[in-house]
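We did not get these values from a lab; they are worked out from the coordinates using the rules stated. Fair warning: this is a prediction, and the values are worked out from it, not measured in the lab.
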Amino acid sequence: GIVLATGFHVPAGGHLRLEPGVVLKMGGGLGNYVDGTLTVAGSASAPVVMTSFYDDRTGGDTNGDGGATAAAPLQWAGLRLRDGADAS
């Protein structure tokens, strides 16, 4: 999995591809913005999961608390596709 300590930005003209099976964990109310191209290449058998840093059920115990936390609303700020973004 990938744990983000900061939000991410795909600039205009840039491209981010998330491969099948990737678990992307985010937290701290971080903003994630796409002005360029975002390709999410998951499938039914190998989905791409975007979840909270606190989600111990997906991608393991990232925050090292022994499985005591779970994903909950508002733990990360979401993904914003801005004008001109191309996402699949």
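Find the all-direction average of the projected area of the Cα convex hull for the range 44-88, expressing the result in square nanometres with one decimal place. Before the final figure, lay out each step's value.
On the way: hull surface 17.7 nm².
Value for the range 44-88: 4.4 nm².
Take every Cα-Cα pair in the chain and report what % of them are more than 19 Å apart.
Working: 1585 of 3828 pairs.
In whole percent, the share of Cα-Cα pairs in the chain beyond 19 Å is 41.
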How long is the gain from residue 37 to residue 12 if the chain were fully straight, where each residue apart is worth 0.36 nm and the alpha carbon distance is subtracted? 8.2 nm
